[in-house]
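Beneath this line is the structure, given in structure tokens, with notes to follow.
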Amino acid sequence: MAHRLLFPLFLIIVLSAACSSPDKKESDADELLPDADTAPEPICLTPGVGPYPLVFTDVTDEIGFGETGLVVAGSAITTADINNDGWPDLYISKGGKTRENSELPTGLYRLLLNNKGTGFTETTWTSGLFKTREGEDGRVSSFVIWGDVNNDGFTDAFNTAYFDADTEESGDWSTVFLGKGDGTFTIAPEHQFFAVYLDPVAGASFLDYDRDGKLDIYAGHHYGKYGYLNMTEQDTLHRGDGKGHFTNTTDAAGLTTVKSTDETIKAGTNHKPTWGVTACDVDGDGWQDLMTTTYGRGFNMFWRNKGGAFEDISLSSKFAEDENLDYSDDQWYLCYCKSHTDAGDYCADAANPSISCTGLEEAWEPGFSDDPSRLGGNSSGTVCADIDNDGDMDLLGVELAHWHIGQASDKTEILRNDGFPETPFVRPGNEATGLTRAHISGWNEGDLGALAGDLDHDGRIDLYVLSSDYPGTYSLLYQQQADGTFAEKGLDADARIFRAHGGTLIDYDRDGDYDLVIGSSLMRWSSSDNPPAPAQPWVKVLRNDTGQAANRFLFALEGSGKTDGANRMAIGARITVKAGGKTFTHEVQGGYGIFGFQNDPLIIIGAGDACTAEEISVRWPNKAGSISTFKEVHANQVLRIHETDGIAYQTLEEFAAR
């Protein structure tokens, strides 16, 4: 059971932080000091030295998600508190491209309200989130991310509708829905979130790229027609006006790419078949940068935000791809050499292929296929987190990889920030970090996303990788060890899910730790698979029973929503906790990755044996880039921090009793 926090609520009103220069990394803000007479007594837990044994319990049936309950299945999952009761709710989708029949629903998408940790209630058809512009139920909903676009304190939704040349036209397009605060929504004014005439949106993120206090949306677009690079389209940035209207500012912000040709592909300036989108401040200057990941082994894109305008540093930052460009074991290259005996030195050392080459004789094109722009990864998404606790954002690049492509194809790995951008990202490699895995012959790594959070509260970020769509693939739970390396603990922790596709970190029972809700896929199952294919891509709920004896800090941030202030959901805010000689850093994000990843808005930062923070600071995404600082803050309580009103301490029970 969780350690319940039973001291009473104390409100501590503090002075507003002074404004610092947006370009400064250190603030000269006045310190905001809690009142020693009213601050709660600390609750100090003594867990010993971590990491602590990870333990998860499958409560899928217990909370009513199983085959005899709500029958919840799907692959894409995001979390938000859509009715403002302090409890996290769930959106779940099978990634559909067609409309749903509300009279005979097949479960293409679901909206489920949390019943105070005891279960969930179906609100799909009463929420209004799935109405067409004509007022009918059943609009296309491929995935949803969450933000507060009109700063009214209620959660709004960007509800996407994937539409490409191979999709039957439904008449639905990606659009924003405005929340009323009671779990219901109305459709926002119509806006085109794509560049030309197709909307194959595969990733999106809320951010405030110009720090005007109003949320914007960056939408990443996949192939217009699958596999055709000449039918890729511009990824697009849409500036919000704070009322639900948007303006396409892609070109004005410096994010323009161009049509794919051999030349532009090699230069990396072409429209990409984008999968994942991530927005976070990697260089620490207070402005959220943009990262997009590319399917089809092309360059990934890193757009550095310099005061509201972006520059492309994909190649110089080493974000575009890893440095292994050795294609000598690529089976398509070997098939080319087998069928072109006149290739001379180009194929001088080529081995015999291990696959049938029928139909692949011309699949490899010398001078193009061997260019660095074609030797990257099938990149799913990017996770942004301070993995090594040094106060800056590191990245986890999530990748698909296949044995037949060979070593040039990128693998899921850490990109360490050691002074970015002056120092490019460092890729230590999976042998050094411990992000290794066992392979069988004919292996595939089907990684489609990942979650980063401290699951055992020992003060170190752990990584949960979702891997799917190929025989033998399953989720991987990498627990960070005391030396900063990782060990895979999924099976031991009862957290291994076969064909895990999407998921979310969610404290569904509000006991102060991150639980897991994990979706799956039915793609590419065969009769020989073990375990055999299930009837549905079931969603699993894994309750976290780990680290309850360790200390943690819980945060609920709120921007003022005023002119030149921070957006109400504080997306883009950075929390820094200094406790016990360590530094813990977290940035509030507005959705990331492929087909939507978004976690619990209640932020949980583990601290191990440290029960008091010497200092906590919040850098706000407002015009001034102001920083609020608090001294001697106790752990094991919810810290509700408002941009201008200061800090309030609450127990978890009080936080979730609204």
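The values are calculated or read from the model by the stated rules, or taken from the named source; none is laboratory data. Worth saying up front: this structure is predicted, and the values here are computed from it rather than measured. Every residue, glycine among them, receives a Cβ derived from its backbone with ideal geometry; neighbour counts consider all protein chains shown. Just so you know, the surface numbers come from the protein's heavy atoms only, side chains and all, with ligands and any DNA or RNA stripped out. Shrake-Rupley method; radii C 1.70, N 1.55, O 1.52, S 1.80 Å.
Take the residues of segment 191-233 that are over 29 Å from Phe154 (Cα atoms), touching a strand residue (DSSP E or B) at 6+ places or on another chain (Cβ under 8 Å) and free of Cβ contacts under 8 Å to residues at least 40 places away in the same chain: which is surrounded by the fewest Cβ atoms within 10 Å (Cβ to Cβ)?
Selected residue: Leu198.
Out of the residues in segment 449-475 that are open to solvent by 10 Å² or more (accessible area, probe 1.4 Å) and not charged (D, E, K, R), which is farthest from Ala401 (Cα to Cα)?
Among residues in segment 449-475 that are open to solvent by 10 Å² or more (accessible area, probe 1.4 Å) and not charged (D, E, K, R), the one farthest from Ala401 (Cα to Cα) is Ile461.
Restricting attention to segment 245-277, which residues are surrounded by fewer than 19 Cβ atoms within 10 Å (Cβ to Cβ), of a type in the set (Gly, Ala, Ser) and assigned to a loop (DSSP other than H, G, I, E, B)?
Within segment 245-277, Ala252, Gly254 meet the criteria.
A quick yes/no check of all residues on (1) part of a loop (DSSP other than H, G, I, E, B); (2) more than 25 Å from Gln589 (Cα to Cα); (3) touching a Leu at 6+ places or on another chain (Cβ under 9 Å):
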{"residue": "Trp303", "(1), (2), (3)": "no, no, yes"}
{"residue": "Gly307", "(1), (2), (3)": "yes, no, no"}
{"residue": "Ser314", "(1), (2), (3)": "yes, no, no"}
{"residue": "Leu334", "(1), (2), (3)": "no, yes, no"}
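So which residues in segment 476-489 are open to solvent by 30 Å² or more (accessible area, probe 1.4 Å) and not hydrophobic (A, V, I, L, M, F, W, C), if there are any at all?
Gln481, Asp483, Gly484, Thr485, Glu488, Lys489, listed by residue number.
For segment 618-658: of the residues being among the small types (Gly, Ala, Ser) and open to solvent by 20 Å² or more (accessible area, probe 1.4 Å), which is farthest from Pro88 (Cα to Cα)? Quick ask: steps written out before the conclusion?
Of the residues in segment 618-658, the ones among the small types (Gly, Ala, Ser) are 624-626, 628, 635, 646, 648, 656-657.
Now narrow it down to the ones that are open to solvent by 20 Å² or more (accessible area, probe 1.4 Å): 624, 657.
Numbers: Ala624: 31, Ala657: 13 Å.
Once the filter is applied, the top-ranked residue is Ala624.
Can you find, within segment 290-319, the residue that is surrounded by the most Cβ atoms within 10 Å (Cβ to Cβ) among those that are of a type in the set (A, V, I, L, M) and either under 17 Å from His222 (Cα atoms) or touching a residue at least 60 places away in the same chain (Cβ under 8 Å) (or both)?
Residues of segment 290-319 of a type in the set (A, V, I, L, M): 290-291, 301, 309, 313, 315.
Still in the list and also either under 17 Å from His222 (Cα atoms) or touching a residue at least 60 places away in the same chain (Cβ under 8 Å) (or both): 290-291, 301, 313.
Details: Leu290: 24, Met291: 30, Met301: 27, Ile313: 19.
If we take residues in segment 290-319 being of a type in the set (A, V, I, L, M) and either under 17 Å from His222 (Cα atoms) or touching a residue at least 60 places away in the same chain (Cβ under 8 Å) (or both), then Met291 is surrounded by the most Cβ atoms within 10 Å (Cβ to Cβ).
From the set of residues in segment 398-426 that are over 20 Å from the mean Cα position of the chain (by Cα) and more than 18 Å from Asn444 (Cα to Cα), which is surrounded by the most Cβ atoms within 10 Å (Cβ to Cβ)?
Only one residue fits best here, namely Phe420.
What is the number of the single condition among (1) open to solvent by 70 Å² or more (accessible area, probe 1.4 Å); (2) at positive phi that Gly344 does not meet?
Condition not satisfied by Gly344: (1).
Taking Asp283 as the residue in question, decide whether it is part of a loop (DSSP other than H, G, I, E, B) and surrounded by 17 or more Cβ atoms within 10 Å (Cβ to Cβ). Show your work before the answer.
On the way: part of a loop (DSSP other than H, G, I, E, B): yes; surrounded by 17 or more Cβ atoms within 10 Å (Cβ to Cβ): yes.
So Asp283 passes the test.
Give all pairs with beta carbons closer than 9 Å in which a residue from segment 565-583 that is modelled with pLDDT under 95 and open to solvent by 10 Å² or more (accessible area, probe 1.4 Å) meets a residue that is part of a loop (DSSP other than H, G, I, E, B) and of a type in the set (D, E, K, R); count only pairs at least 6 apart in sequence or on separate chains.
Hits for this filter: Gly580/Asp609.
Mind checking which residues of segment 441-473 are in a loop (DSSP other than H, G, I, E, B), free of Cβ contacts under 8 Å to residues at least 60 places away in the same chain and of a type outside the set (Ser, Thr, Tyr)?
Result: Gly442, Trp443, Asp469, Pro471, Gly472.
From the list Thr106, Thr98, which residue is free of Cβ contacts under 8 Å to residues at least 40 places away in the same chain, β-branched (Val, Ile, Thr) and under 17 Å from Ala76 (Cα atoms)? Steps first, please.
On the way: Thr98 fails: free of Cβ contacts under 8 Å to residues at least 40 places away in the same chain.
Matching residue, one of Thr106, Thr98: Thr106.
Go through segment 137-172 and give me each residue that's open to solvent by 30 Å² or more (accessible area, probe 1.4 Å) and at pLDDT 95 or above. Before the answer, list the steps.
At the first step, the residues of segment 137-172 found to be open to solvent by 30 Å² or more (accessible area, probe 1.4 Å) are 137, 150, 152, 154, 165-166, 168-171.
Asp137, Asn150, Asp152, Phe154, listed by residue number.
For the structure I just gave you, tell me whether Thr78 is open to solvent by less than 20 Å² (accessible area, probe 1.4 Å), closer than 23 Å to Asp509 by Cα and either touching a Cys at 6+ places or on another chain (Cβ under 6 Å) or at pLDDT 95 or above (or both).
Details: open to solvent by less than 20 Å² (accessible area, probe 1.4 Å): yes; closer than 23 Å to Asp509 by Cα: yes; either touching a Cys at 6+ places or on another chain (Cβ under 6 Å) or at pLDDT 95 or above (or both): yes.
In short, yes.
Mind telling me which of the residues Thr629, Thr644, Thr651 ends up being modelled with pLDDT under 95 and hydroxyl-bearing (Ser, Thr, Tyr)? Please lay out each step first, then the result.
Numbers: Thr629 fails: modelled with pLDDT under 95; Thr644 fails: modelled with pLDDT under 95.
Only one candidate passes the filter, namely Thr651.
Give the number of residues within segment 427-438 that are of a type in the set (A, V, I, L, M) and buried (at least 17 other Cβ atoms within 10 Å of the Cβ).
At the first step, the residues of segment 427-438 found to be of a type in the set (A, V, I, L, M) are 432, 435, 438.
Still in the running and buried (at least 17 other Cβ atoms within 10 Å of the Cβ): 435.
Here the count works out to 1.
Hey, can you tell me all the residues within segment 550-564 that are open to solvent by 10 Å² or more (accessible area, probe 1.4 Å), at pLDDT 95 or above and over 11 Å from Asp152 (Cα atoms)?
Across segment 550-564, the qualifying residues are Ala556, Leu557, Glu558.
Kindly establish whether Ile497 is touching a Lys or Arg at 6+ places or on another chain (Cβ under 9 Å), open to solvent by 10 Å² or more (accessible area, probe 1.4 Å) and aliphatic (A, V, I, L, M). Step through it out loud before you land on a result.
Working: touching a Lys or Arg at 6+ places or on another chain (Cβ under 9 Å): yes; open to solvent by 10 Å² or more (accessible area, probe 1.4 Å): yes; aliphatic (A, V, I, L, M): yes.
Answer is yes for this residue.
How about segment 140-170: which of its residues are over 19 Å from the mean Cα position of the chain (by Cα) and within 26 Å of Gly64 (Cα to Cα)?
Correct list: Val140 only.
Restricting to segment 474-492, and then to whatever is outside any loop (DSSP other than H, G, I, E, B) and among the hydroxyl-bearing types (Ser, Thr, Tyr), can you tell me which residue is modelled with the highest pLDDT?
Applying the first criterion (outside any loop (DSSP other than H, G, I, E, B)) to segment 474-492 yields 474, 476-480, 486-488.
Filter once more, so that each one left must be among the hydroxyl-bearing types (Ser, Thr, Tyr): 474, 478.
Numbers: Tyr474: 95, Tyr478: 98.
Top of the filtered list is Tyr478.
Could you pull out the residue among Ala556, Ala566, Ala570, Ala624 that is under 23 Å from Glu41 (Cβ atoms) and aliphatic (A, V, I, L, M)? Full working, then the answer.
Values: Ala566 fails: under 23 Å from Glu41 (Cβ atoms); Ala570 fails: under 23 Å from Glu41 (Cβ atoms); Ala624 fails: under 23 Å from Glu41 (Cβ atoms).
Going through Ala556, Ala566, Ala570, Ala624 in turn, the sole match is Ala556.
Taking segment 106-121, which residues are over 22 Å from the mean Cα position of the chain (by Cα) and open to solvent by less than 70 Å² (accessible area, probe 1.4 Å)?
Hits for segment 106-121 are Gly107, Asn115, Gly117, Gly119, Phe120, Thr121.
Check Val71 against each of (1) in contact (Cβ under 8 Å) with a residue 60 or more places away in the chain; (2) crowded, with 18+ Cβ neighbours inside 10 Å and name the one condition it does not meet.
Here Val71 clears every test but (2).
For the condition open to solvent by less than 10 Å² (accessible area, probe 1.4 Å) and at positive phi, what is the one hit in Gly502, Gly547, Gly512?
Exactly one of Gly502, Gly547, Gly512 is open to solvent by less than 10 Å² (accessible area, probe 1.4 Å) and at positive phi, namely Gly512.
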